[in-house]
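*Asks:* Pasting in a structure now, in structure tokens, and then I'll have a few things to ask.
The numbers here are math on the coordinates, done by the rules we state, and not lab data. This is a predicted model, so every value here is computed, not measured. All Cβ positions, even for glycine, are placed from backbone atoms using ideal geometry, and neighbour counts span all protein chains on display.
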């Protein structure tokens, strides 16, 4: 059972991190065109992929991770590499809920405006990209902790 849970956990982590990184990449790529229709299409795709991959990925990562710890006889809070990974994962989630998702909605609304202003959009997009990088790097650091298990 442990190895099956581990497989599910790893696949969910790959999908989760892959979706975040590909969203950042495709937005950056589309932004080079300054085309509001293309930016709207990409932002809409990012919002949809968050619903399809990121949010369910979070659930699977957490559930499979907790079950792995239980199955392996490890304490969630008493094992430093697990507890710090949970903190990093929570920080990523907080960034998504309170910064990234609201910025995505605003960016999508901006590109749908009749009088699209790219300069205004770019200022907001830079904030979204920075928070997105934070939301990517924190779980990536958690992944490193999970693989390296410092102090174990």
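*Asks:* If you rank 111, 14 by fewest surrounding Cβ atoms within 10 Å, what's the result?
*Replies:* So the residues, fewest neighbours to most, are 14, 111.
*Asks:* Looking at the P(r) of the chain, how many percent of alpha-carbon pairs lie beyond 20 Å?
*Replies:* On the way: 5789 of 11476 pairs.
The calculated P(r) of the chain puts 50 percent of pairs beyond 20 Å.
*Asks:* Sticking with this structure for a sec: Test of understanding: ordering 121, 2 by Cβ neighbours within 10 Å, fewest first, what list do you get?
*Replies:* Values: 121 19, 2 10.
Going from least to most buried by this count: 2, 121.
*Asks:* Using a Förster distance of 22 Å, how high is the FRET efficiency between residue 51 and residue 6, based on the Cβ-Cβ distance and rounded to 0.05?
*Replies:* Step by step, r from the Cβ atoms, then E = 0.25.
*Asks:* Quick one: order 8, 20, 82 by neighbouring beta-carbon count within 10 Å, fewest to most. It would help to have the intermediate numbers written out before the result.
*Replies:* Details: 8 17, 20 26, 82 23.
If I rank by nearby Cβ atoms, fewest first, I get 8, 82, 20.
*Asks:* Would you calculate, for the chain, the mean residue ellipticity at 222 nm contributed by helices, counting each DSSP H stretch of 4 or more residues as -39,500 (n - 2.57) and dividing by all residues, to the nearest 500? Don't jump to the answer; show the numbers that get you there.
*Replies:* Working: 6 runs with 119 residues, N = 152.
Mean residue ellipticity at 222 nm (helix-derived): -27000 deg cm²/dmol.
*Asks:* Another question, then. Using alpha-carbon positions, what is the distance between the centroids of the stretch 41-57 and the stretch 4-34, in Å?
*Replies:* The two parts, judged by their Cα centres, are 10 Å apart.
*Asks:* Could I ask something else about it? In nm, to one decimal, how far is the residue 66 label point from the residue 29 one, both placed 7 Å along Cα→Cβ?
*Replies:* So the two model labels end up 3.6 nm from each other.
*Asks:* Ok, one more. For the stretch 66-126, what is the convex hull (Cα atoms) projected area averaged across all directions, in square nanometres?
*Replies:* Details: hull surface 22.2 nm².
If I average the Cα hull's projected area over directions, I get 5.5 nm².
*Asks:* Using the C-alpha gyration tensor of the stretch 101-152, what are the square roots of 5 times its eigenvalues, in whole angstrom, with the largest one first?
*Replies:* The equivalent ellipsoid of the stretch 101-152 has semi-axes of 36, 9, 5 Å.
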